[in-house]
Structure formats: structure tokens, C-alpha cells
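Participant: So that we are looking at the same thing, I have put the structure below in C-alpha cells.
Since every read-out is calculated from the coordinates, none of them should be taken as a lab result. Just so you know, these numbers come straight off a predicted model, no measurement behind them. Because the Cβ atoms are built from the backbone with ideal geometry, glycine has one as well, and the counts that use them run over all protein chains shown.
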Amino acid sequence: MKIAIIPNLTREKAAEITVNISKELDLLNVQYCLPQMGNSPFDSLKNVQYMYMADMLQWCDVVIAVGGDGSFLNAAKKAVCYNKPILCINAGRLAFMAGLESNELILLKSIINGEYKMDRRMMLDVKIQREDEIIYDDFCINDVVISRGSKLRMTDINVDCDGKRINTYRGDGIIVATPTGSTAYSLTAGGPVMNPSIESMVMTPICTQSLFARSIVFDSKNIISMYANNDSRNSDLFLSLDGDESINIAKGEKIFVKKSDRYADFIRLKTDEFFDVLHTKLADRRV
């Protein structure tokens, strides 16, 4: 068993948790590596190997990400490209994707023993089309967000499903989320929580100027397209996948979203199910 550890060292406790993970892996006689880095805080580790990211992802059998949900998304997208499963260990706050908390590292032995389940998470393919040419092609795990630009004014966004008009939304933007992403930005915008085992897409308008604009759940076979209304007062739109850096969408360009053929494989070591996690993570935020 060879394990690649990807820590987000901007998280306060990530370095300490990474050291503790390494100690557990040493006890289990497991090979592990960390990304090449300058001024490494892990000089005390004797058995660690350092590799460039592409090399470590080819080398490993399993990826362990240390951080919060944003860190997990970034690491998971890398792991998907190499068909490697990922275990997420929480060094943040809510971290819905976390498979372990920092005080549960003893359970890492279950990976070695093969005592775990694999949660396959649906992903989305996203393309931008300009006239008849595809100018952008990527994928995401959580969500696709189209939002207005820096001007403090609403924009009109057309939403079609399989080429048929659904609605024109006047507001701050649109979120299209996977069931995994339904507990992220979509939830704060009023969208429903969806069990990740369901393969579907949920579209939620952001701060729309309508009393009747609600989230819509689409079948995983549908193709959603979004674009600025031609007579929109503000056609300055931006696209972001999984919270990454935004891309400007020019007038006349269309965004197409559909279910991807790829899946993200998340390792689950504990017996708790999705709604157990939901209850635990949100319990301290109830009023």
C-alpha cells in the first residue's frame, strides 16, 4: 500500500494532523509521500518521500487530503485524473466530505485491511461554446456557478434543459450542483439537501427578483444550458467551478452542463451514513 498525502498547510492544524497521520502510517509499515515543498515543516519525519504532484499521484494507491472541503475538492479533482480513491481528513470546520476527524486516525488501519466502503460521487462536465466552437472544457465535483460581474446590478440569465426554455432568471446568478454539492453554496442559496447516492442535478437561482423562483431538480440525463439574455442590462457574467477562479463569459457564449462519465471515489471508513453526517455537522448551527 502506497499513500500520497496532500495537506493544505494554510489550515492552522493541517501540519500537526499530517505529522500524526505519518506516525500512524509508520506503525502500519506503509509507504507514503508528500508534495515537494520549500521550507518543509515535516523535517522530523524519517520515512517520508517527497515527489512532484503528478509523480506522487501516479505512484500511490490511495490519496489522503488534509484540510477542509475546499482542499478536498482540489485534491479529489487531481485524484480523479489518475483514477485514485481519496480519503479526506478534517482540519477545517464543517467539512461534509471528511471521512475522518483528526482524533480518529487509528482507523487508518482499516484502509490497509481493506475494511472500508467506496462512495462514488457523480461529477459534472462543463463546456463553454462560442458560436459552433467549444472554447472551454472542464469538470467539477460540487457545483457550477454563474454570477454577475462587479457591477451592483442584476442580470438576466436564460436557462434551458435539453434545448427547451425553463425560465429567464433576473438576479445575481445561477448554481447547478451535484448531490455532493447540494450541501455547499446551493444550500446557502436556499437549495435542497440531496443524498449523494442519487444521480441528479439541482439548479438554484441566487437572489432572484421573483417570489416564485425555486430550485429545480433535473435528471442526470438532462443537459442544462445557460447564457445571458440578449437584452440583459448586464451581460457581464462569470463562471466558477467548485469555487475556483472565475472565468469571464462573453456575450453570445453558452455554458453547457451535463453529468460526467467520471466519478470521484471517496473512501468511507466509518459506519455513519449521509444523514448521520448531516445531523452531526449542522447540529451546532440550529436555532
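Participant: Out of the trypsin sites (Lys or Arg not before Pro) in the range 163-223, which ones are loop residues according to DSSP with at most 12 other C-beta atoms within 10 Å?
Facilitator: Numbers: sites: Lys164, Arg165, Arg170, Arg214, Lys221; in loops: Arg214, Lys221.
Those satisfying the criteria are Lys221.
Participant: Something else now. Expressed as cubic angstrom per residue, what is the convex hull volume of the alpha carbon set of the range 124-261?
Facilitator: On the way: hull volume 14.3 nm³, N = 138.
Enclosed volume per residue, from the Cα hull, is 104 Å³.
Participant: Right, next: Can you give the calculated 222 nm mean residue ellipticity of the chain, where each DSSP H run of n ≥ 4 adds -39,500 (n - 2.57) and the sum is split over every residue, rounded to the nearest 500 deg cm²/dmol? Mind dumping the intermediate values first?
Facilitator: Numbers: 6 runs with 52 residues, N = 287.
After summing the helix terms and dividing by residue count, I get -5000 deg cm²/dmol.
Participant: Val193 versus Ile223, label points 7 Å from Cα toward the beta carbon: distance in nm?
Facilitator: Computed distance between label sites Val193 and Ile223 equals 3.5 nm.
Participant: About the Cα centre, and with charges only on the beta carbon of Lys, Arg (+1) and Asp, Glu (-1), how big is the dipole of the chain? Nearest 20 debye, please.
Facilitator: That gives the chain a dipole magnitude of about 460 debye.
Participant: Using only the alpha-carbon atoms, how far is helix 14-27 inclined from the longest principal axis of the chain? Give it as 0 to 90 degrees, nearest 10.
Facilitator: Computed tilt is about 50 degrees.
Participant: Determine the relative contact order of the chain: mean sequence separation of Cα pairs under 8 Å and six or more apart, normalised by residue count, in whole percent.
Facilitator: 19 percent
Participant: For labels at Arg165 and Gln49 in the simple 7 Å Cα→Cβ model, what's the distance in nm?
Facilitator: About 5.9 nm, to one decimal.
Participant: Using label points projected 7 Å from each Cα along Cα→Cβ, tell me how many nm separate Phe212 and Asp272, to one decimal.
Facilitator: Here the answer is 4.1 nm between the modelled labels.
Participant: Here is a further query. Starting from the range 123-219, pick out the chymotrypsin sites (Phe, Trp or Tyr not before Pro) whose DSSP state is loop and whose Cβ has at most 11 other Cβ atoms within 10 Å.
Facilitator: Phe212
Participant: OK, next. What FRET efficiency comes out for Lys109 versus Ile135 if R0 is 41 angstrom and r is the Cβ-Cβ distance? Round to the nearest 0.05.
Facilitator: So the FRET efficiency works out to roughly 0.30.
Participant: Which value, to two decimals, describes the C-alpha radius of gyration of the chain once divided by 2.2 N^0.38 Å?
Facilitator: 1.08
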